[in-house]
Amino acid sequence: MSERRKHSTGSPFEKTAAYSRAVRQGPFVHVSGTTGYDYAAMEMPADVAAQARNCFSTIAASLKALDASLSDIVRVRYYVTSPEHFDAVAPVLAEHLGGIDPAATMIVCQLIRPEMLIEIEVTAQVSQAD
């Protein structure tokens, strides 16, 4: 059985809700739903595009900690609080995943805090050579 490795950002949400930011098992890295907090300052930007950029920053760091990168992403799920957010976040999505073009789903839903406008969850598959 392959080794299971976990990564934490130190977010208080991870400890409170008993989850890891990311888990690697074999070639797969699963990154938990990630909101737009700046975890260093524990601040949330008001702008959905800025939140999306923070999501990708956290996701990229989590992937790197588990020997993966954005280019390894094969599946992404976006959770947004309003369909109107699409136009603002689409350029950010293209900036980070353009050319990688993973399978994707965008879901409109309510998130657990009113300041949260987007949450992004990814699955990456790292080649066996890595």
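The values are calculated or read from the model by the stated rules, or taken from the named source; none is laboratory data. In this text, all values refer to a predicted model and were calculated from it rather than measured experimentally. Every residue, glycine among them, receives a Cβ derived from its backbone with ideal geometry; neighbour counts consider all protein chains shown. The area values use the complete protein model at the heavy-atom level, side chains included, leaving out ligands, DNA and RNA. Shrake-Rupley method; radii C 1.70, N 1.55, O 1.52, S 1.80 Å.
The rows are residues; the columns are (1) more than 13 Å from the chain's Cα centre (by Cα); (2) farther than 19 Å from Arg5 by Cα.
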| residue | (1), (2) |
| --- | --- |
| Ser20 | no, no |
| Gly33 | no, no |
| Met42 | yes, yes |
| Pro45 | yes, yes |
| Ser82 | yes, yes |
| His85 | yes, yes |
| Leu111 | yes, yes |
| Gln125 | yes, no |
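Only one of the listed residues (Ala46, Ala40) is modelled with pLDDT under 95, assigned to a loop (DSSP other than H, G, I, E, B) and among the aliphatic types (A, V, I, L, M). That residue is Ala40. Within region 104-122, the only residue that satisfies the criterion of being open to solvent by 50 Å² or more (accessible area, probe 1.4 Å) and touching a Gly at 6+ places or on another chain (Cβ under 6 Å) is Glu121.
Of the residues Arg75, Arg53, the single one that is assigned to a helix (DSSP H, G or I), out of contact with any Cys (no Cβ under 8 Å at 6 or more places or on another chain), within 18 Å of Ser32 (Cα to Cα) and not acidic (Asp, Glu) is Arg53. Note on region 47-65: residues that are touching a residue at least 24 places away in the same chain (Cβ under 8 Å), open to solvent by 50 Å² or more (accessible area, probe 1.4 Å) and within 15 Å of the chain's Cα centre (by Cα) amount to 2.
A quick yes/no check of all residues on (1) in a helix (DSSP H, G or I); (2) crowded, with 20+ Cβ neighbours inside 10 Å:
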residue	(1), (2)
Tyr19	no, no
Ser32	no, yes
Asp67	no, no
Pro91	yes, no
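Applying a threshold of 7 Å to beta carbon distances and a minimum spacing of six or more residues, or different chains, the list of pairs starting in region 102-130 at a residue that is over 17 Å from Phe13 (Cβ atoms) and ending at one that is surrounded by fewer than 10 Cβ atoms within 10 Å (Cβ to Cβ) and modelled with pLDDT of 95 or more reads Val108/Pro83.
State yes or no: is Phe28 within 16 Å of the chain's Cα centre (by Cα) and of a type in the set (Phe, Trp, Tyr)? Yes, satisfied.
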